[in-house]
Amino acid sequence: MSAEADEIDIRSMRALDGAWAADIMARSEPWLTLRRGRADALKLLRNRRKQCFIVRSGGERAGFLVLDLNGPLGGYIQTIGVAPEMRGCGVGSAALRWAEARIFKTHRNVLLCVSSFNRDAQRLYRRAGYEVVGRLRDYVVAGHDEILMRKTLGPLSTLEGSRPREPRPARTRALPFARSTTQRTRRATEKNQRQKKPL
């Protein structure tokens, strides 16, 4: 059964959804290899700087998403998780498309990291148009890299309605000693001019 055929509904995560997602993470790859337990998952899902969503298919919980739109690169998909019984049904692909649409409303790039051992996820992202832009060696655990991938609409400077920023003029303020030096110079000049005037 394909999630494309079923109705996919993605909404903000509630506390019970978070507990369900944390359980999935604690007993699934890539989190097992990355040594991330339930406590780590709950900490991530309760982080107010992240946007956490539950993915439902046919009215049942099927997966979850964690987005980070606050980082220096913006538009970062931190986690896509799918319930074991829903893997291979298109839930991950549907969640990815939804996340991209949300991010591309305000960002030119969607970024994500995928573990070097997670070949299925790498294939999914490549099929969806992502390119490898970097590799973080031994980033989470020794022996496994995190591969940074990006899907782009183009350079940041091509944002609709944007134009290159004009450099802001530097704000200058006369220093107290500079002001007094300028005043002394002006007074000396005026005194010299008075002395040169014929009587």
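Ser157 meets the conditions (1) hydroxyl-bearing (Ser, Thr, Tyr); (2) loosely packed, with under 13 Cβ neighbours inside 10 Å; (3) touching a Leu at 6+ places or on another chain (Cβ under 8 Å) in every case but one. The failed one is (3).
Based on what the data block shows, is Leu65 within 23 Å of Asn118 (Cα to Cα), touching a Ser or Thr at 6+ places or on another chain (Cβ under 8 Å) and assigned to a helix (DSSP H, G or I)? Taking the combined requirement at face value, the residue does not satisfy it. Of note, Thr79 satisfies the criterion of being closer than 23 Å to Ala15 by Cα and among the β-branched types (Val, Ile, Thr).
Residue by residue through the range 6-47, note down the ones that are within 21 Å of the chain's Cα centre (by Cα), closer than 27 Å to Val141 by Cβ and basic (Lys, Arg). Residues satisfying the conditions are Arg36, Lys43, Arg46. Residue selection: Arg11 fails the criterion of being within 16 Å of Ile77 (Cα to Cα) and modelled with pLDDT under 95.
Just to be sure before I move on: is Ala22 among the small types (Gly, Ala, Ser) and surrounded by 13 or more Cβ atoms within 10 Å (Cβ to Cβ) in the structure I sent? Against the criterion (among the small types (Gly, Ala, Ser) and surrounded by 13 or more Cβ atoms within 10 Å (Cβ to Cβ)), Ala22 qualifies. For the condition exposed (fewer than 13 other Cβ atoms within 10 Å of the Cβ) and either in contact with a helix residue (DSSP H, G or I) (Cβ under 8 Å, 6 or more places away or on another chain) or touching a residue at least 40 places away in the same chain (Cβ under 8 Å) (or both), what is the one hit in Pro72, Pro84, Pro30? Pro84 is the lone residue from the list that is exposed (fewer than 13 other Cβ atoms within 10 Å of the Cβ) and either in contact with a helix residue (DSSP H, G or I) (Cβ under 8 Å, 6 or more places away or on another chain) or touching a residue at least 40 places away in the same chain (Cβ under 8 Å) (or both).
Would you please name the residue that is modelled with the highest pLDDT, looking only at residues in the range 118-138 that are of a type in the set (A, V, I, L, M) and either exposed (fewer than 12 other Cβ atoms within 10 Å of the Cβ) or closer than 16 Å to Ile80 by Cα (or both)? Looking at the filtered set, the residue picked out is Ala128. Val114 falls short on exactly one of the conditions (1) in contact with a Ser or Thr (Cβ under 9 Å, 6 or more places away or on another chain); (2) buried (at least 17 other Cβ atoms within 10 Å of the Cβ), and that condition is (1). Quick check on Ala95: is it surrounded by 18 or more Cβ atoms within 10 Å (Cβ to Cβ) and either assigned to a loop (DSSP other than H, G, I, E, B) or at pLDDT 90 or above (or both)? Against the criterion (surrounded by 18 or more Cβ atoms within 10 Å (Cβ to Cβ) and either assigned to a loop (DSSP other than H, G, I, E, B) or at pLDDT 90 or above (or both)), Ala95 qualifies. Could you please find all residues in the range 48-62 being part of a strand (DSSP E or B) and within 22 Å of the chain's Cα centre (by Cα)? Within the range 48-62, Gln51, Cys52, Phe53, Ile54, Val55 meet the criteria.
The conditions of being modelled with pLDDT of 95 or more, buried (at least 17 other Cβ atoms within 10 Å of the Cβ) and within 17 Å of the chain's Cα centre (by Cα) are met by Ile77.
The values are calculated or read from the model by the stated rules, or taken from the named source; none is laboratory data. Note that the structure is predicted; figures quoted are calculated from it, not measured. Cβ: placed from backbone, ideal geometry, glycine included. Neighbour counts: every protein chain shown.
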